[in-house]
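Working notes, structure below.
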Amino acid sequence: MDHSKEEFLERFGADYGYPDAPRGVDEMRAADFKRLEGTVYLDHAGATLYSEPQMADVVKDLTSNVYGNPHSQSDSSMAASDLVTAARHEVLKYFNASPRDYKCIFTSGATAALKLVGECFPWSRESCYMYTMENHNSVLGIREYALSKGATVLAVDINEDSDLESNHGSPSSFKISTHSSQRRGEDALSHNCQNGNLSTISGNNWNLFAFPSECNFSGQKFNLNLVKLIKEGKVAGFPSQQQDQWMVLLDAAKGCATEPPNLDVYPADFVVCSFYKIFGYPTGIGALIVKNEAAGLLNKAYFSGGTVAVSIADIDFVKKRKSIEQVLEDGTISFLSIASLRHGFKIIGMLTTSAISRHTASLATYVRKEMLDMKHRNNKKVCIIYGHQASKVADLKMSPTITFNLKREDGTWFGYREVEKLASLSGIHLRTGCFCNPGACAKYLGLSHSDLVSNFEAGHVCWDENDVIKGKPTGAVRISFGYMSTYEDAAGFLKFLQSSFVSKPITFSNGLDLVDNQSQQAVPDVRLKTITIYPVKSCQGFSAQIWPLAIGGLKYDREWLLQGSGGEILTQKKVPELGSIRTLINLELGKLFIESPKLKDKLEISLLENLTHLTAEVDVYGQRYEVESYDDNVNTWFSEAIGRHCTFMRCSSSKNRPCSQTGKNGRLCRDTRSKLSFVNEGQLLLISEESVSDLNSRLSSSNNGNGKQRVIVDAMRFRPNIVISGSTPYNEDNWRRIHIGDAYFTSMGGCNRCQMINLQQNSGQVLKSKEPLATLASYRREKGKILFGVLLNYEDGLDGEGEILAERWLQVGQEVHPSTAATPERCLATVESLHTGM
């Protein structure tokens with residue numbers, strides 16, 4: 001046992017690892033979660049994991065018993081009905097809710113339970129729907145029902161004067177601060193709510209207050225004493241004369257996995273949960289736990305199978321069943337999933353929720369403290385953690401969730417997508433974004449309404465790559481621990497942060513960082529080693545000793561692609577089978593030959609003749625192209641080759657991309673006349689053999705002695721168009737322009753690599769590993785990008801009228817003459833013409 005774990009156990013040993021359970025966490029993890037070997041799973045707030053014995057019990061149950069549709073009286077139906085009834089009682093027991101006071105309504109998840117409340121709640125124009133800012137979108141969505149009925153909607157912050165440890169629920173400990181009210185209809189601001197101030201509500205109406213037991217963004221635990229205080233109107237800033245008129249909805253989806261609310265002590269009217277967040281399986285099943293008095297107020301208009309006692313088809317006559325469960329559960333419930341719940345509850349019961357809470361809190365407390373102590377070499381903090389600080393919350397009250405962003409030593413932010421990508425390479429599963437909690441996200445990140453709107457107008461939406469806009473993060477990184485998490489998970493995550501994001505003291509023993517050879521003048525004898533053309537996007541290319549250049553780079557390079565049946569562009573990321581399709585162009589015959597190991601017949605495509613006159617426009621990564629498609633025979637060939645329906649298309653023209661920015665080291669962006677065919681970025685990709693050799697030496701060092709198979713890559717792993725030899729490693733980073741034969745190329749900067757380079761075709765099988773991208777990330781990372789190789793644009797031989805002056809060719813063996821000088825005047829003039837409207 002290492003010293004760090006000894007220190008951890010010395011502090012947390014009484015709470016960590018289930019010392020009172022039949023098995024400790026290490027034994028449980030090794031025996032019941034074998035699939036996690038080599039993996040650090042830290043997204044239990046998103047979905048915790050099922051155990052292997054749990055699934056074995058489910059399979060044994062379902063393969064040993066016959067369970068039928070419970071809406072009948074047969075033996076199999078009654079068996080299912082009995083299990084459903086037992087499951088309802090088990091759910092109520094989990095929340096310490098007496099069956100005399102509460103009912104359990106099964107839904108497809110917490111979101112469906114919330115929707116059910118919103119749909120059936122007795123809204124009126126005198127009603128108010130109030131919710132805390134820190135709430136999931138599924139809670140916010142209830143306001144659509146309230147607003148549609150003319151009710152007032154109000155978002156609030158709950159301010160507590162003391163922390164959870166000392167707060168015993170005194171009304172004076174809480175204060176409500178309101179945001180602007182929302183209302184639709186003729187009276188946009190009713191007398192109930194003026195400028196966000198809620199006055200006394202009169203009349204026989206019902207109002208709803210919603211808050212989470214634990215915020216799924218920050219992990220903040222809300223004081224559940226709010227339940228009684230809200231219902232009694234005893235919170236400062238709350239209507240004071242409406243006893244019994246306010247109902248409370250508690251979103252326990254996040255909190256119930258480690259600390260289910262005790263409904264005997266905190267009698268909320270509505271509580272929602274999803275079971276996969278508690279014990280991983282089954283998914284698609286949740287519950288609404290509803291108080292009997294509140295259930296009587298819910299009015300469901302729709303009726304379906306199972307909800308009615310009798311209905312007549314051709315007249316307006318229907319009588320609903322008396323059981324609230326049957327009235328609110330539409331159709332046949334997911335009875336096999338419900339039957340599986342007991343196997344999950346069995347595990348939780350063996351460990352106990354209190355022990356799970358202490359176990360996960362010990363890990364979160366330890367990790368949070370270590371993160372807060374991380375410093376760059378200039379003593380600047382690395383981790384900015386949102387929510388309660390460890391020093392302000394007792395260990396056993398700590399949420400198992402930590403949400404944070406990371407800063408560079410210069411004060412700028414690491415984007416959350418960069419963190420997520422690097423974590424994936426390290427076998428760490430975490431979550432990024434705003435986690436469907438816009439209020440908490442805006443609150444903790446300091447995003448104003450104008451920030452949120454401008455970010456959206458700039459193209460940012462949930463789950464996209466725009467993680468930093470105008471110097472501000474648009475989301476965060478979240479880790480969360482579950483009942484089977486271990487110290488080794490925590491230590492692995494901290495090691496990842498330390499190695500990937502904390503700046504180290506400068507040493508001069510080696511040159512492992514990005515090369516910056518601005519002062520280098522002497523360039524060795526650099527030669528063109530190989531030329532590769534990829535006619536069909538994401539398919540195999542072919543090598544040539546000599547090849548012509550065209551306006552778009554290498555002639556015919558990525559001039560064709562495959563489009564899926566849904567209009568999506570097919571690449572090896574989505575369809576690895578594309579990597580087994582071989583291509584070859586014979587310029588003399590004027591034909592493109594294509595073959596697949598799955599098909600006997602080769603495909604021949606004429607380079608000069610169009611097989612069809614059908615044209616269309618497609619969008620490829622934000623670029624619009626006019627394309628020509630082929631007949632059914634061609635499309636059928638490709639569909640059989642890759643095992644899915646697709647359409648083969650050829651680029652006939654592209655909407656030229658304008659030059660809009662200046663790149664690194666003053667490099668200009670693409671010339672406005674550059675035709676890109678179907679490439680993602682620059683027209684050609686250049687790879688240096690010396691850079692590949694340096695990468696392989698690092699791969700060899702990283703694998704030395706760790707028992708793993710040695711990984712060796714060649715230049716073709718990166719799908720280059722041209723490979724050069726005779727340079728020094730990464731010298732190409734500083735080239736702004738290169739001259740090969742009588743052709744000139746402008747460097748567009750480094751190529752940002754993705755997990756595609758970790759895929760390797762081997763005897764028709766696609767092998768995936770973490771290399772070489774993981775090693776590249778350790779020394780070739782710059783501002784969130786992992787760079788290897790450089791992108792080039794061909795400075796085509798056009799005259800001022802757009803006519804080709806001469807066809808130029810590249811040939812293997814030609815000298816490569818790099819230059820660090822600025823881009824020629826022709827490109828400068830082009831950029832100037834854009835800004836002057838010429």
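The values are calculated or read from the model by the stated rules, or taken from the named source; none is laboratory data. Small disclaimer: the values here were computed from a predicted structure and weren't measured. Positions of Cβ are backbone-derived with ideal geometry, glycine not excepted, and every protein chain shown enters the neighbour counts. The protein model used for the area step is the full one, side chains on, heavy atoms only, and it has no ligands, DNA or RNA in it. Shrake-Rupley method; radii C 1.70, N 1.55, O 1.52, S 1.80 Å.
Numbers below:
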quantity	calculated
Residues of region 17-28 satisfying the condition of being open to solvent by less than 20 Å² (accessible area, probe 1.4 Å) and assigned to a loop (DSSP other than H, G, I, E, B)	G17, Y18
Entirely in region 242-347, the strands (runs of 3 or more DSSP E) that have 2 or more residues that are farther than 18 Å from R88 by Cβ	246-251, 308-312, 317-320
Members of region 591-628 found to be open to solvent by less than 20 Å² (accessible area, probe 1.4 Å) and modelled with pLDDT under 90, listed by number	L607, V618, V620, Q623, Y625, V627
Subset of region 106-125 [polar (S, T, N, Q) and outside any loop (DSSP other than H, G, I, E, B)]	T107, T111
A31, sole failed condition from (1) small (G, A, S); (2) assigned to a loop (DSSP other than H, G, I, E, B); (3) open to solvent by less than 60 Å² (accessible area, probe 1.4 Å)	(2)
Filtered residue count, region 560-590, keeping only those that are open to solvent by 50 Å² or more (accessible area, probe 1.4 Å), under 16 Å from M756 (Cα atoms) and in a loop (DSSP other than H, G, I, E, B)	2
Residue pairs meeting the criteria (Cβ under 8 Å; at least 6 apart or on separate chains; first closer than 17 Å to A361 by Cβ and in contact (Cβ under 8 Å) with a residue 40 or more places away in the chain, in region 15-27; second open to solvent by less than 20 Å² (accessible area, probe 1.4 Å) and acidic (D, E))	none
Residue under evaluation R88, criteria (1) open to solvent by less than 20 Å² (accessible area, probe 1.4 Å); (2) within 22 Å of P267 (Cα to Cα); (3) not β-branched (V, I, T), criterion not met	(1)
Failed condition for G682, given (1) within 16 Å of L791 (Cα to Cα); (2) in a helix (DSSP H, G or I); (3) at pLDDT below 90	(2)
Scope region 34-58; condition of a type outside the set (A, V, I, L, M, F, W, C), within 18 Å of Y366 (Cα to Cα) and assigned to a loop (DSSP other than H, G, I, E, B); matching residues	H44
In region 406-454, the residues that are assigned to a loop (DSSP other than H, G, I, E, B) and either closer than 12 Å to V477 by Cβ or under 18 Å from the mean Cα position of the chain (by Cα) (or both)	G415, S426, G427, L430, C434, F435, C436, N437
G784 vs. criteria modelled with pLDDT under 85 and closer than 29 Å to G415 by Cα	yes
Selected residue (criterion: most open to solvent (accessible area, probe 1.4 Å)) from residues of region 497-553 that are of a type in the set (S, T, Y), under 22 Å from P729 (Cα atoms) and modelled with pLDDT of 90 or more	T530
Long-range neighbours under 8 Å by Cβ, at least six apart or interchain, first residue free of Cβ contacts under 8 Å to residues at least 40 places away in the same chain and aliphatic (A, V, I, L, M) within region 466-488, second part of a loop (DSSP other than H, G, I, E, B) and surrounded by fewer than 23 Cβ atoms within 10 Å (Cβ to Cβ)	I469/A458; I469/H460
Residue that is surrounded by the most Cβ atoms within 10 Å (Cβ to Cβ) [pool: residues in region 476-496 that are assigned to a loop (DSSP other than H, G, I, E, B) and touching a Ser or Thr at 6+ places or on another chain (Cβ under 6 Å)]	F481
Cross-chain or 6+ apart pairs with Cβ under 8 Å, region 431-447 first and closer than 11 Å to C462 by Cα and among the polar types (S, T, N, Q), then assigned to a helix (DSSP H, G or I) and open to solvent by 20 Å² or more (accessible area, probe 1.4 Å)	T432/R417; T432/E420; N437/N137
Residue match in region 126-145 (condition: at pLDDT 95 or above, more than 16 Å from S213 (Cα to Cα) and part of a loop (DSSP other than H, G, I, E, B))	yes
Failed criterion for S77 (all others in (1) surrounded by 17 or more Cβ atoms within 10 Å (Cβ to Cβ); (2) of a type in the set (S, T, Y); (3) closer than 22 Å to A257 by Cβ hold)	(3)
Single condition V265 does not satisfy, out of (1) within 24 Å of G109 (Cβ to Cβ); (2) at pLDDT 90 or above; (3) open to solvent by 60 Å² or more (accessible area, probe 1.4 Å)	(1)
Filter pass, Q245 being closer than 17 Å to T401 by Cα, surrounded by fewer than 24 Cβ atoms within 10 Å (Cβ to Cβ) and among the polar types (S, T, N, Q)	no
Evaluation of E732 against (1) open to solvent by less than 30 Å² (accessible area, probe 1.4 Å); (2) of a type in the set (D, E, K, R); (3) over 26 Å from E815 (Cα atoms) (one fails), failing number	(3)
Considering residues of region 106-124 that are under 16 Å from D330 (Cβ atoms) and in contact with a Lys or Arg (Cβ under 9 Å, 6 or more places away or on another chain) only, the residue most open to solvent (accessible area, probe 1.4 Å)	E119
Count of region 566-583 residues which are without any contact (Cβ under 8 Å) to a residue 60 or more places away in the chain and more than 21 Å from V627 (Cα to Cα)	2
Selection count, region 372-405, where residues are open to solvent by 20 Å² or more (accessible area, probe 1.4 Å) and either part of a helix (DSSP H, G or I) or modelled with pLDDT of 90 or more (or both)	15
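Quick grid of which residues meet (1) under 30 Å from V66 (Cα atoms); (2) among the hydrophobic types (A, V, I, L, M, F, W, C):
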residue: T283; (1), (2): yes, no
residue: A287; (1), (2): yes, yes
residue: E293; (1), (2): no, no
residue: N299; (1), (2): no, no
residue: I315; (1), (2): no, yes
residue: V327; (1), (2): yes, yes
residue: F335; (1), (2): yes, yes
residue: S340; (1), (2): yes, no
